[in-house]
Amino acid sequence: MRIGILGAGRIGGTIAARLSAAGHAVQLANSRGPETIRDLAAAAGATAAHVRAAVTGADVVITSVPFPQLPSLREDLAFAPGDAVIIDTSNYFPFKDGVIAGVGAGEVESTWVADQLGRPIIKAWNNILAGSFATKASAVGMPGRIALAVAGDDATGKAIAMDLVEATGFDAVDSGGIADSWRQQPGTPAYCTELDAAELRRALASADRSRLAERRDLMVTRMLGLGGEVSNDDLLRLSREVYL
Ligand SMILES: NC(=O)c1ccc[n+]([C@@H]2O[C@H](COP(=O)([O-])OP(=O)(O)OC[C@H]3O[C@@H](n4cnc5c(N)ncnc54)[C@H](OP(=O)(O)O)[C@@H]3O)[C@@H](O)[C@H]2O)c1
């Protein structure tokens, strides 16, 4: 498939490398222009591109930019085919993203994102820490393979997204529609706790929306309390302590 990835950071860059290795034609874009990611894209087996070139003619567009930047992609996405599958990896954390009207008051993150982008989205790759995503991929059927949640309202688009998640080295679990995608947001047992498929299904079912913001913010308080450099292992341990 022709895949345009907007965001060449820790998540977008890893997705680019995995999907290129799986045989997809990947164009990778950031905000500063292709010349600034030429080496990164080449190492990933992808092609560096401007944002609008990356989405033009794409079968799939993956948005992986900081949450507050998402509204700025709306005009760019108008260059993507109308039937392109849009997959978003984002999470909202007020401590770094600021309080944003709508999501700041508890609107489901991906409902807000779809409204901002003006396109239906699939939510995927959001419930894994970047460090774990880069280092803990494994083959289909491996015991304990980490599972990632995939939410969306369009069955065809969700099936495509689930195949792509599998191609990046993780089991894909159907987590329902976008209205229910709060079940995989920060603050829930499904968020970055590195569960296998059966455990993830139970975690999604047990999520408590009324405690989501409180737990997300407690996790941040605990993380900031560590001071200094916080490792991926620290983040995983805190996520399990606070969310499970
Ligand atoms: N880090 C994690 O553990 C993690 C885990 C799961 C999901 N996520 C979510 O995934 C998304 C990406 O996270 P990340 O950690 O990969 O971020 P990151 O490392 O900070 O990278 C962000 C990327 O987005 C690009 N970008 C910013 N604005 C853009 C725009 N308007 N158009 C095109 N590209 C733009 C940046 O390019 P420039 O440098 O040129 O600005 C950069 O390449 C976020 O929404 C985050 O919440 C993160």
Worksheet entry | Taking the range 9-83 and dividing mean pair separation by its residue count, relative contact order in percent (alpha carbons under 8 Å, at least six apart) | 30
Discussion item. Defining a contact as two alpha carbons under 8 Å apart and six or more residues distant in sequence, what relative contact order in percent does the range 2-177 show?
Written reply: 18
Worksheet entry | Added length on full extension, which subtracts the Cα-Cα distance from 0.36 nm per residue, Leu218 to Ala134 | 27.7 nm
Worksheet, complete the sentence: Sorted by chain and then number, the residues having a modelled amide H within less than 5 Å of the amide H of Ile87, at least 5 places away or on another chain, are Val61, Ile62, Thr63, Ile122
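Within 10 Å of each candidate Cβ there may be at most 15 other Cβ atoms; applying that plus a DSSP loop requirement, which GluC sites (Glu not before Pro) in the range 136-242 survive? Kindly include the intermediate steps, with their values, before the conclusion.
Details: sites: Glu166, Glu194, Glu199, Glu214, Glu229, Glu241; in loops: Glu194, Glu229.
Qualifying residues, ordered by number: Glu229.
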Worksheet item: Which three extents, in whole angstrom, do the alpha-carbon atoms of the chain cover along their principal axes, largest first?
Response: 42, 42, 40
Worksheet item: Highest GNM mean-square fluctuation, the chain, Cα pairs closer than 10 Å: which of Gly33, Gly12, Gly131?
Response: Gly33
Worksheet item: Quick one: Cα centre-to-centre distance for the range 87-137 and the range 168-209, in angstrom?
Response: 13
Worksheet item: Among rounded, prolate and oblate, which fits the range 115-155 when a ≥ b ≥ c are the square roots of the eigenvalues of its C-alpha gyration tensor, a/c under 1.5 means rounded, and a/b larger than b/c means prolate?
Response: oblate
Item to complete: Report the extension gain between Glu75 and Glu229 in nm, rounded to one decimal, defined as 0.36 nm multiplied by the number of residues separating them, less their alpha carbon distance.
Response: 51.7 nm
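Between the DSSP loop rule and a limit of at most 14 other Cβ atoms within 10 Å, which trypsin sites (Lys or Arg not before Pro) in the range 1-70 are left? Write down the numbers at each step before the final one.
Details: sites: Arg2, Arg10, Arg18, Arg32, Arg38, Arg52; in loops: Arg32.
The qualifying sites are Arg32.
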Worksheet item: So what's the net charge close to Gly144: Lys and Arg +1, Asp and Glu -1, counting the other residues with Cβ under 12 Å from its Cβ?
Response: -2
Discussion item. Between Glu166 and Val99, what is 0.36 nm times their sequence separation minus the Cα-Cα distance? Round to one decimal in nm.
Written reply: 20.8 nm
Discussion item. Taking the 0 to 90 degree range and rounding to the nearest ten, how far is the long axis of helix 10-21 tilted relative to the main principal axis of the chain, both from C-alpha atoms?
Written reply: 50
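Within 10 Å of each residue's Cβ, count the other Cβ atoms and sort Asp39, Asp234 from fewest upward.
Values: Asp39 9, Asp234 13.
Placing the least packed residue first, the sequence is Asp39, Asp234.
Any read-out appearing in this document is the output of simple, stated calculations on the displayed coordinates, not a laboratory observation. All values derive from a computational prediction rather than experimental measurement. Note: ideal-geometry Cβ built from the backbone for every residue, glycine included; neighbour counts use all protein chains shown.
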